[in-house]
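Visitor: Got a structure here, written out as structure tokens. Questions coming.
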Amino acid sequence: MSEETKWVKTHCARMDHGGCGLLVEVKDNEIIKIKGNPEGYLNRGYTCYKGRVSAERLSHPDRLQYPLKRMGERGEGKWQRISWDEALDYTANNLLRIKEKYGARAVGFGVGMPKGLEHFIMIRLANVFGSPNVVASQDVCHAPREVTGMHTCGFYPVADLHNPTQLILSWASNVLSTNEEGQIGGTALQQLKNGAKLIVVDPRRTELAEKALLWLQLKPGTAQALALGFLHVIIEESLYDKEFVEKYTFGFEELAQHTKQYSPEVVSEITWVEPDLIRKAARMYVEAKPAALQWGNAIEHDINVFDATRSLVCMMAITGNLEVPGGNINAYEPKIAGLGEMVRADLMPNKVKEMIGAYHGTIPKMMTVPPTYFRKAVLEGKPYPVRGYYGMCTNPLVAWADSKLSYEAFKSLDFIAMAEIFMTPTASMADIVFPVAHQFEMNDIGHYGIGHGIILARPKVVDPPEECWPDIKIMNELGKRVSPSEYWHDNFEDFLEDLLKPSGLSYSEFVAKGYLKGPDRFKLYQEKGFKTPTGKVELKLSTAEKFKLKPLPDFTALPEEDDAAYPLILISAKSRYYLLSSYRWVDKLRRKRPDPLVEIHPETAASYGINDGDKVVIETKYGEIVQVAKVTDIVHPRVISAALGWWFPEGDAAKQFEWQKSNFNMLTSAGKLGKEFGTPNLKNLPCRIRKG
């Protein structure tokens, strides 16, 4: 007998970082329709196209439906179906074998962009197994902003777009396309409707830039120079918040002296932005009370990320925009379990000294291993051998800088297990592939640990295929096989109850509420100071000598030197239709963006004899790929913007689905890294093009 149609409230998860509230129509265990929930705290009914078509992933004919064991050579695409017990036992035995021979730290536990509690259960699994090495993309995503904030002002300064603001300074962020981590395009648009002004700093003339009063089209790779130019104007013209600076900052005089060298005229030569435009933008930012600086992931994509993020936090601070509603806030968590408790950090007291990154001197509070250092350990045994890898929500063969190096590393590992919804280039390199349940097929909690002061209910909407398990369940069962069972639950969903216990709510009660938000606490520094060694915002780092860090942000050089043989600058931009390397197999999304597009200015295209739709060879010192030309004036004549994350699910499985052909990271290198986070140059690379 057919069920009645019902509507279920949940939140977006693995389709994007955003966390939009959704209404999902369900009948007979099938999703009929998805739309934005008008009551959603983050989105108020707004949602993106990806979210609305996301159910198509669940019923795709090529979806992984049962555990697989490699039969042929690694990456050959030959598999045998096995049972869950066989897959878990085989994985556990291999991980324990590596642990016995090389020690627990010889296994890396890898995550890419998880969207729920699974990220923290992965860290728990690593900790109880005894490995300090959780390998993540944080070197180029989120951690530089978060950790730099902690060192500079004691917290991660989040743009508050939920309280009225007079101005949004959008720096390397395009919320109308990417809805990054709780910053939803609809919320920004509402602020503009309410009268907020908008300044956009971006090499591309995005849709957001079209709405801006000022658009600063900077030269790629010069973000910190432009920010230092802003600081020069604010300080030289005495526009800073004098009371805040005097009472609550450390090192202002040194910063003031240091930024004298960054006049708008000097900075203009570096950044291509006119001096008057720099002055005008800096003054507008200062005059708005309050102003929110919404910074994006793109500033984390070259070796100078620490200077860029430091200079921007200094800007927020000296203008009095920290910890004020409508500015950049310290988002306090609701009453929920702490991260340390959830991940059993107590079992790894020496993690900061033992993890691979410590050997390379990464910045304190950076608690994951940069992928380049992981691969160095695999291929060179430095600082010690690493021979095994368990990965989820990640596709390193395409996502990490220097894809050729990733292939070499994964080819050489003794054992690899991957948990995936679909066979990807990286999963095709594994010994065991676990089929996972997806977003609408499991109970979950979102936005935990992201630093936005909110957690979101993600109740199960439909049942998964019989042999598809949630990542948390896989790790719970694997954990029982590789560590004492006391650290794991009989029912993996009890982790949800653990997280909520301090709130006094059960999971079902939390679902009824929809979300929990921490308290709004503004200007708490007036009572308690800032959580830094000096108790103040450290414009000059008091710990610089101790941690071998720069005391003040500066601009010394481009991420890579100009090269006459490579006269163009290569950047990239995320597509609104995909999540990095994910979902090329979703038909409705693929039809929207069937090919990897490289944006080329009309003058540049004409000079190379390239027309719209032509195949284009893009070449850097490190490699070359082919993409399809999109001739457009949204980029500068000296800049091209290529597509990220491309591989071809329709391609040959024995060749890992043509992961080399159009993959942006064939053009990047892991040879040059930022010291603080191990960040490679993912963008801002000298390149050349020719018609394909």
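Visitor: Can you name the number of the only condition in (1) modelled with pLDDT of 95 or more; (2) part of a loop (DSSP other than H, G, I, E, B); (3) farther than 26 Å from residue 229 by Cβ; (4) among the polar types (S, T, N, Q) that residue 526 fails?
Guide: Of everything listed in (1) modelled with pLDDT of 95 or more; (2) part of a loop (DSSP other than H, G, I, E, B); (3) farther than 26 Å from residue 229 by Cβ; (4) among the polar types (S, T, N, Q), residue 526 misses just condition (2).
Visitor: While we're here: Tell me which residues, restricted to the stretch 594-638, are more than 29 Å from residue 649 (Cα to Cα) and either of a type in the set (Val, Ile, Thr) or at pLDDT below 95 (or both).
Guide: 604, 634, 635, listed by residue number.
Visitor: Could I ask something else about it? When you look at residue 434, is it touching a residue at least 40 places away in the same chain (Cβ under 8 Å), surrounded by fewer than 23 Cβ atoms within 10 Å (Cβ to Cβ) and more than 27 Å from residue 350 (Cα to Cα), yes or no?
Guide: Taking the combined requirement at face value, the residue does not satisfy it.
Visitor: Using the structure shown, decide if residue 42 is of a type outside the set (Val, Ile, Thr), assigned to a strand (DSSP E or B), outside the structural domain of residue 590 (by TED's automatic domain parsing) and buried (at least 21 other Cβ atoms within 10 Å of the Cβ).
Guide: no
Visitor: Moving on to the next point. In the stretch 142-172, what residues are under 25 Å from residue 367 (Cα atoms) and of a type in the set (Ser, Thr, Tyr)?
Guide: Passing the criteria: 148, 152, 156.
Visitor: Suppose we filter the stretch 165-174 for residues that are more than 18 Å from residue 290 (Cβ to Cβ) and in contact with a Leu (Cβ under 8 Å, 6 or more places away or on another chain); how many remain?
Guide: 1
Visitor: Report yes if residue 684 is crowded, with 18+ Cβ neighbours inside 10 Å and of a type outside the set (A, V, I, L, M, F, W, C), otherwise no.
Guide: So residue 684 passes the test.
Visitor: Give me the pairs: first residue in the stretch 69-82 and aliphatic (A, V, I, L, M), second residue part of a loop (DSSP other than H, G, I, E, B), beta-carbon distance under 7 Å, and six or more apart or on different chains, which are they?
Guide: 71/78; 82/67
Visitor: Under the condition of being more than 20 Å from residue 429 (Cβ to Cβ), among the polar types (S, T, N, Q) and not in a loop (DSSP other than H, G, I, E, B), which residue from the stretch 622-679 is farthest from the chain's Cα centre (by Cα)?
Guide: Checking each candidate, the answer is 627.
Yes/no matrix, rows are residues, columns are (1) touching a Leu at 6+ places or on another chain (Cβ under 9 Å); (2) assigned by TED's automatic domain parsing to the domain that holds residue 188; (3) part of a loop (DSSP other than H, G, I, E, B):
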| site | (1), (2), (3) |
| --- | --- |
| 14 | yes, no, yes |
| 18 | yes, no, yes |
| 35 | yes, no, no |
| 59 | no, no, yes |
| 72 | no, no, yes |
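Visitor: Let me ask something else about it. Restricting attention to the stretch 449-468, does a residue exist that is of a type in the set (Val, Ile, Thr), part of a loop (DSSP other than H, G, I, E, B) and either under 24 Å from the mean Cα position of the chain (by Cα) or under 24 Å from residue 125 (Cβ atoms) (or both)?
Guide: yes
Visitor: Residues in the stretch 622-643: is at least one under 30 Å from residue 72 (Cβ atoms) and among the β-branched types (Val, Ile, Thr)?
Guide: yes
The values are calculated or read from the model by the stated rules, or taken from the named source; none is laboratory data. Values in this document were obtained by computation on a predicted structure and should not be read as measured data. As a convention, Cβ positions derive from the backbone with ideal geometry for all residues, glycine included, and neighbour counts pool all protein chains shown.
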